[in-house]
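Chemist: Below: one structure in structure tokens.
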Amino acid sequence: MVSETAIATLAALMVTASFPFYLYGAWIMIDTETVTWDVLVYHLKFIFTGLALNTIPVVLWMGPRLLEQLGGLSALHAILGLQAYAMLIFALTGIVRIFQAKRNADLYHNPDQEVDLNDLHENMGAWRGRLRLGVLGYVLFWIGAYVIGVIRYVTMYL
């Protein structure tokens, strides 16, 4: 049987490994002047990898153990983590609409069109705001949950 310390270490390593994937995925979008379909798919490969590395330990190890140790730092860690996922869902409400508008305007396959994104739909500004706020919130809450998680790991397993 694998020890709880070994599982906790693997979970900590997986969550830690997710952050560079998030950073590189973000860098792809920041560094790209025109977002084509290929750029979007390349970006999403890194983001989904980061989400998988982060979510697998949460669902398979942290979540099932939550109620038996809920209190203090554990509760704060859970609240920050859940808030991070809530902000991600909020960002997705903007991402989906932006994707639909860009797809309807054929901007992924024909990016050379001289179109301002805000001209694609009257709500584009709000959708882009949701995306930015959701991503920023996810990152901030993720960092908070990560720091608390590292503190819990050190105090419980080292």
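The values are calculated or read from the model by the stated rules, or taken from the named source; none is laboratory data. This structure is a prediction, so every number in the text was calculated from the model and none was measured. For neighbour counting, all protein chains shown are included, and Cβ atoms are generated from backbone atoms with ideal geometry for every residue, glycine included. With ligands, DNA and RNA removed, areas are computed over all heavy atoms of the protein, side chains included. Shrake-Rupley method; radii C 1.70, N 1.55, O 1.52, S 1.80 Å.
Chemist: Could you list, in sequence order, the residues of region 103-123 that are open to solvent by 100 Å² or more (accessible area, probe 1.4 Å) and within 15 Å of residue 39 (Cβ to Cβ)?
Modeler: Selection gives 103, 109, 112.
Chemist: Restricting to region 13-38, and then to whatever is under 19 Å from residue 96 (Cβ atoms) and modelled with pLDDT of 85 or more, can you tell me which residue is surrounded by the most Cβ atoms within 10 Å (Cβ to Cβ)?
Modeler: 25
Chemist: So in region 113-135, with the set limited to residues that are of a type outside the set (Lys, Arg) and in contact (Cβ under 8 Å) with a residue 40 or more places away in the chain, which one is nearest to residue 5 (Cα to Cα)?
Modeler: In the first step, residues of region 113-135 are kept if they are of a type outside the set (Lys, Arg); the result is 113-127, 129, 131, 133-135.
Then drop every residue that is not in contact (Cβ under 8 Å) with a residue 40 or more places away in the chain, which leaves 131, 133-135.
Details: 131: 37, 133: 36, 134: 33, 135: 32 Å.
Restricting to residues being of a type outside the set (Lys, Arg) and in contact (Cβ under 8 Å) with a residue 40 or more places away in the chain, the top hit is 135.
Chemist: Please go through region 71-114 and give me each residue that is of a type in the set (S, T, N, Q), under 30 Å from residue 150 (Cβ atoms) and in a loop (DSSP other than H, G, I, E, B), ordered by number.
Modeler: Narrowing region 71-114 to residues of a type in the set (S, T, N, Q): 74, 83, 93, 100, 104, 110, 113.
Right, trim to under 30 Å from residue 150 (Cβ atoms) and you get 74, 83.
Listed by number, the list is empty, since nothing qualifies.
Chemist: Pull out all pairs, ordered by first then second residue, where Cβ-Cβ is under 6 Å, the residues are six or more apart or on different chains, the first lies in region 25-48 and is at positive phi, and the second is part of a helix (DSSP H, G or I).
Modeler: none
Chemist: I would also like to ask the following. Every residue in region 83-101 that is under 21 Å from the mean Cα position of the chain (by Cα), closer than 22 Å to residue 118 by Cα and open to solvent by less than 70 Å² (accessible area, probe 1.4 Å), please.
Modeler: 91, 93, 94, 95, 98, 99
Chemist: For residues in region 56-82 being touching a residue at least 60 places away in the same chain (Cβ under 8 Å) and open to solvent by 40 Å² or more (accessible area, probe 1.4 Å), which is nearest to residue 7 (Cα to Cα)?
Modeler: 73
Chemist: Hey, another quick one. Out of (1) at pLDDT below 95; (2) under 17 Å from residue 132 (Cα atoms), the odd one out for residue 83 is which?
Modeler: That leaves (1) as the condition not met.
Chemist: For residue 121, all conditions in the list (1) over 17 Å from the mean Cα position of the chain (by Cα); (2) under 20 Å from residue 90 (Cβ atoms); (3) in a helix (DSSP H, G or I) hold save one; what is the number of the exception?
Modeler: (3)
Chemist: For residue 49, are the conditions met, namely being open to solvent by less than 80 Å² (accessible area, probe 1.4 Å) and modelled with pLDDT of 90 or more? Can you show your working first?
Modeler: Working: open to solvent by less than 80 Å² (accessible area, probe 1.4 Å): yes; modelled with pLDDT of 90 or more: yes.
Considered against the rule, which asks whether it is open to solvent by less than 80 Å² (accessible area, probe 1.4 Å) and modelled with pLDDT of 90 or more, residue 49 comes out as yes.
Chemist: Name the residues in region 124-158 that are modelled with pLDDT under 90 and open to solvent by less than 40 Å² (accessible area, probe 1.4 Å), would you?
Modeler: Residue satisfying the conditions is 124 alone.
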